[in-house]
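Visitor: Below: one structure in structure tokens.
Here, each number is a calculation from the coordinates, and none is a lab measurement. On a predicted model such as this, the values are computed, not experimentally measured, just so you know. Cβ: placed from backbone, ideal geometry, glycine included. Neighbour counts: every protein chain shown.
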Amino acid sequence: MPRDFKFTLGDRLQANLYGILENLITARWRREKIEILHAANARLDLIRYQTRLCREFKLLDDRRFEHVSLLINEVGKTLGGWIRERAAKSS
């Protein structure tokens, strides 16, 4: 990543990725998961926007953006399924 973006967008993107990882690991071991899963979902949304910014700033070419988007969507589907499962159990 170019120096202009490395310490702003790059650091924020990396922090959000680590944040999702922490949320998912924490949720795995907590009895009350739904709040943590919603926090992870919010971070995932931030990552979606940050990767779009990377594409707009020409930091990602179309091929890489497409690959990253597919991975983000897979995480989103899995996370959404986990949230729906927990919501159904709490109802």
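Visitor: For helix 11-29, report the angle its Cα long axis makes with the longest principal axis of the Cα atoms of the chain; keep it between 0 and 90° and round to the nearest 10°.
Guide: In the chain, helix 11-29 runs at an angle near 20 degrees to the longest axis.
Visitor: For segment 1-48, take the convex hull of the Cα atoms, compute a quarter of its surface area, and give me that in nm², please. Mind dumping the intermediate values first?
Guide: On the way: hull surface 13.0 nm².
With every direction weighted equally, the projected area is 3.3 nm².
Visitor: For segment 3-90, what value does the Rg/Rh ratio take when both radii are computed over Cα atoms and Rh is the Kirkwood radius, given to two decimals? Don't jump to the answer; show the numbers that get you there.
Guide: Working: Rg = 14.5 Å, Rh = 13.9 Å.
On the Cα set of segment 3-90, Rg over Rh gives 1.04.
Visitor: Over segment 1-58, what is the relative contact order in percent, taking alpha-carbon pairs closer than 8 angstrom and at least six residues apart?
Guide: Working: 31 pairs, mean separation 21.9, N = 58.
Taking the mean separation of contacting Cα pairs over the length of segment 1-58, I get 38 percent.
Visitor: Go ahead and collect, in residue order, the members of segment 1-34 whose backbone nitrogen is under 16 Å from a label point 7 Å along the Cα-Cβ direction of Ser69.
Guide: No residue passes the distance filter.
Visitor: With a point put 7 Å past each Cα toward its Cβ, work out how far Thr78 is from Asp4 in nm, to one decimal.
Guide: The two pseudo-label positions are separated by 3.5 nm.
Visitor: Right, next: When we measure straight from the Cα of Lys33, which lysines land under 27 angstrom away, once same-chain ones fewer than 8 places off are left out?
Guide: The qualifying lysines are Lys77, Lys89.
Visitor: Specify the angular offset, from 0 to 90 degrees and rounded to the nearest 10, of the alpha carbon long axis of helix 34-56 from the longest principal axis of the alpha carbons in the chain.
Guide: Helix 34-56 and the main axis of the chain meet at about 10 degrees.
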